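The values are calculated or read from the model by the stated rules, or taken from the named source; none is laboratory data. Here the structure is a predicted model, which means the values were calculated and not measured. Don't worry about glycine lacking a Cβ; one is built from the backbone with ideal geometry, like all the others, and counts go over all protein chains shown. Heads up: the accessible areas ignore ligands, DNA and RNA and are worked out on the full protein's heavy atoms, side chains in. Shrake-Rupley method; radii C 1.70, N 1.55, O 1.52, S 1.80 Å.
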Amino acid sequence: MTTRASNPTAEPPRYVLEGRVVTLNSRDEVIERGRVLVRGSRIVAVEPSGGPLPEAFRDALRIDTGGTLYPGLIDLHNHFVYDVLTLWHVPKRYLNRTQWPRHADYAPRISLPIRVLADHAPSARAVVRYIEAKALLAGTTTGQGIRTRVSGGEALFRGAIRNVEEPHDDHLPAGSTRVMDLHDDTADIESFRDALESRAAYFYHLGEGVDDYAHHRYLDLADHDLVQPSLVGIHCLGLRRPDLDTMATRGAKVVWSPFSNLLLYGQTLALRDLLDSGVTFSLGCDWSPTGSKNLLQELKVARHEAERQGVSLPSRTLVCSVTADAARVAGWETQVGTLRAHALADLLVIAGADGDPYDTLIGATEKQVRLVTVDGVARFGDRALMERLAFNRSHPPEPWAVDGVAKAFHLWADDSPLNDLGFEAARALLDDAMADLPAFQRRMEHDERELLGPGAPKPFVLVLDNEPQEVFATGPAAVEFTTDLQQVAERIALDPPTVSGQDYWALVSAQLNLDDTLKQRLRKDYA
């Protein structure tokens, strides 16, 4: 996912955003009354307000945001395609990630519905549009874990937020992702080594679980000298303190997904070990079936889990885990993650400028997201701000609302195959499809035969990266997972884009592996 300027031949837009500025730099950390000057896709200056503006900005649009400005949030672990699905009722406490996909309810309600939606152009396009908007409205400007395939060929996703695997920007080295466990054979080990050596960041699901099987996935790497600086271990729940020390010493990194860990395994990383090891870490939502809806929720879970473990986890450290430190994990620290001159203009504005600025972000909900920009383009925010920043009048913002507050999206991007599809249209299409999945599947198959003919490549399908027959069948007691679409659930609900509503809190309340205190505190966060 990446953005493009609306009109590359025109003079790049210039504007000034004023408010409290949280730079996440080592110097000028917080400017209580500051401004960020943006020209095109870049930040030109970050400075205190009050002085004269540079000549080039004397006639630029100036906006007092009435809020606090941060770098855009970076989600470094997500299976985005699945984020149309609601929270799964996890039936028991598991020991490792090879176990839960074997439950009888998993395929009909998670794997098979996504297969149906991903395999047909109308629903595949709607999935991408919906989950992209869902991430944006909570301040996420960069995500890891989405790929698409167009006509069965080249991966392409030029949308409204950045994609770690396909950044489409010479300044941002592409990362790579592996979900499947390393096989104990020479060819796979050398392929893994080649991936480490060719990427700034190689994201690998590592040690997801609490038993010896999960720990041995780390030993597989250590035994073959695969713990290297480009290694980004997702989860790392099965790692022990010496393992984390080795990761830190060798420059490897960790992505922590506490809500997912707690939902599936009833525990997460020992935070004292994580912090004392000194390993660089970031946060990731995982996916909506067994994780947070967005990073604002994940930050709250992380804060509460630190309190439960009795560990001091500074608010600034948490904010860095989704901004400056996350950029370092991806190898993008020179371009994003901080607010400074020459960086890419990925910004988030949260309403209010009082109190601790880091607590302000952690405590924020989607309703308080005033503005999100990517590459300097206003993508989501309060409707009044979005309309003032709508420099491309040919593609006006799409109105929406969060808890009665007027908001708007601007999702149009050069070269995007989704420019004819708005957020509300995508939501309506998915809602209709998921209301009767077998009927939708039959209708799509009929339409494709009529329009494309037998054997023709599909114009737009999604590549799924978390399918059990490819990922989980390598574990203990491996079994063949069903791919029979006839077994898909007749109806499943589309996951609402925000953390709200009695239905969602009922799903959280029913989770067997969550501590009651966490359930209560999390709901209070959104009261």
Rh_Kirkwood(the stretch 1-142) over Cα pairs, Å, one decimal, evaluates to 19.1 Å
extent check for the stretch 46-129: Cα max minus min per principal axis, descending, whole Å, gives 66, 35, 19
Once the in-chain neighbours fewer than 8 apart are removed, the aspartates and glutamates whose Cα is under 12 Å from Lys300 read Asp359, Asp525
Helix-only [θ] at 222 nm, the chain, -39500 (n - 2.57) per DSSP H run of 4+, per residue, nearest 500, equals -9000 deg cm²/dmol
Surrounding charge for Asp181, neighbours by C-beta under 10 angstrom, Lys/Arg +1, Asp/Glu -1, total -1
Given a 1.4 Å probe, the accessible area of the chain per residue, as a whole number of Å², is 37 Å²
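Rounded to the nearest 20 debye, what is the charge dipole size of the chain about its Cα centre when +1 sits on each Lys and Arg Cβ and -1 on each Asp and Glu Cβ?
In debye, rounded to 20, the chain gives about 1320.
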With the 8 Å Cα cutoff and a minimum separation of six or more residues, the stretch 204-266 has a relative contact order in percent of 36 percent
Most packed first (mean Cβ within 10 Å per residue), the peptides 439-449, 319-329 order as 319-329, 439-449
Here the alpha-carbon Rg of the chain over 2.2 N^0.38 Å rounds to 0.93
For Asn78, other-chain or 5+-apart residues with amide H closer than 5 Å (H placed, Pro excluded) are Gln144, Asp286
HN-Hα couplings for the stretch 45-62 via Karplus (6.51, -1.76, 1.60; θ = phi - 60°), in whole Hz with x for Gly/Pro, come out as 7, 10, 7, x, 6, x, x, x, 7, x, 3, 5, 10, 4, 10, 6, 4, 10
Taking Rh as the Kirkwood radius computed over alpha-carbon pairs of the stretch 262-375 and applying Stokes-Einstein at 20 °C with viscosity 1.002 mPa s, one gets a diffusion coefficient in µm² s⁻¹ of 140 µm²/s
Counting only protein heavy atoms with a 1.4 Å probe and every protein chain in place, the carbon and sulfur fraction of the accessible surface of the stretch 72-142 in whole percent equals 51 percent
Answer in debye to the nearest 20: the dipole magnitude of the stretch 411-457 about its Cα centre, from +1 Lys/Arg and -1 Asp/Glu charges placed on Cβ, is 200 debye
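How big is D for the stretch 223-272, in µm² s⁻¹ as a whole number, if Stokes-Einstein is applied with the Kirkwood radius of its Cα pairs at 10 °C and 1.306 mPa s?
138 µm²/s
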Sorted on mean Cβ neighbours within 10 Å (highest first), peptides 353-361, 453-461 come out as 353-361, 453-461
Debye calc, one equal point scatterer per Cα of the stretch 157-291, no solvent, log10 I(q)/I(0) at q = 0.10 1/Å comes to -0.32
In this structure, among Lys134/Lys293; Lys367/Lys407; Lys367/Lys524; Lys293/Lys458, pairs with alpha-carbon gaps over 19 Å are Lys293/Lys458
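Whenever you get a sec, compute what percent of the accessible area on the stretch 197-277 sits on carbon and sulfur atoms (1.4 Å probe). Mind dumping the intermediate values first?
Details: 1060 of 2540 Å².
Carbon and sulfur atoms account for 42 percent of the accessible area of the stretch 197-277.
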Given backbone amide H placed at 1.01 Å from N, residues whose amide H is under 5 Å from that of Phe409, ignoring those fewer than 5 places away on the same chain, are Glu398, Trp400
